[in-house]
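Data block below; observations after.
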Amino acid sequence: MKKKKRLMMRSVILAIMVAAIVYTLYANFTKETRGQLAIGDIAPDFILSDMKGAEHKLSDYRGQGVFLNFWGTWCKPCEREMPYMKNQYQVYKDQGVEILAVNVGEPEFAINRFVQKHGLDFPILKDANKDVLNLYKIKPLPTTVLIDSEGKITAIESGELSEAKIKGMMESIKPR
């Protein structure tokens, strides 16, 4: 009788361990796709402050196209695309396209130096705790999310953008 009980207990423990291992493997292999934003999704709303302390709420930009760019001062590809963003902002800002450049987790001093060095004049938002970065599940920097005038995501681009690519992206979200 004792041997049967012991066998039963060992079998139950083994089954629990196998189930835990299977779940862990499933969770790890599917975490890349689970919960990621996709083209056609409504962009999650957020509120971030800019360098002057003004709050920017994404949903306040409904009716405009939004070029949402996640970047860091230490990121060389980010730095190389900023002048192109600045140039295209001058062209598209009066055509209903807004750039919101979200700096991820850096001190104001570093952000201000970068902004002054490059003469950036579009809104630079501070995501000090990386809340919006995590909300959007952004991995590499730079990453740009294009949002149309209805608040839908139309594209998600990771990596450095050329000026021609930025121009095409802004054209694609320009309200008609």
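Some points to look at:
- Applying the criteria of a DSSP loop state and at most 13 other Cβ atoms within 10 Å to the GluC sites (Glu not before Pro) of the range 126-176 yields GLU150.
- Proximal aspartates and glutamates relative to LYS117, as straight alpha-carbon distance under 18 Å, when same-chain residues fewer than 8 apart are discounted: ASP50, GLU79, GLU81, GLU106, GLU108
- Within the range 16-115, the trypsin sites (Lys or Arg not before Pro) that combine a DSSP coil assignment with at most 15 other C-beta atoms in a 10 angstrom radius are LYS31, ARG34, LYS52, ARG62.
- Using every pair of distinct Cα positions in the chain, the Kirkwood expression returns a hydrodynamic radius of 18.2 angstrom.
- Expected 222 nm ellipticity per residue - DSSP helices of 4 or more, -39500 (n - 2.57), all of the chain, to 500: -13500 deg cm²/dmol
- The lysines within cross-link reach of LYS139, meaning a Cα-to-Cα straight distance under 24 Å and a gap of 8 or more places when in the same chain, are LYS31, LYS57, LYS76, LYS86, LYS126, LYS130, LYS152, LYS165, LYS167.
- In the range 122-151, the trypsin sites (Lys or Arg not before Pro) that fall in loop regions by DSSP, at most 16 other Cβ within 10 Å: LYS130, LYS137
- Centroid-to-centroid separation of the range 52-68 and the range 1-19 [C-alpha atoms, Å]: 58 Å
No lab work stands behind these numbers, since they all come straight from the coordinates. For clarity, every value in this text was computed on a predicted model and none was experimentally measured. Please note: Cβ atoms are built from the backbone with ideal geometry, for glycine as well, and neighbour counts cover all protein chains shown.
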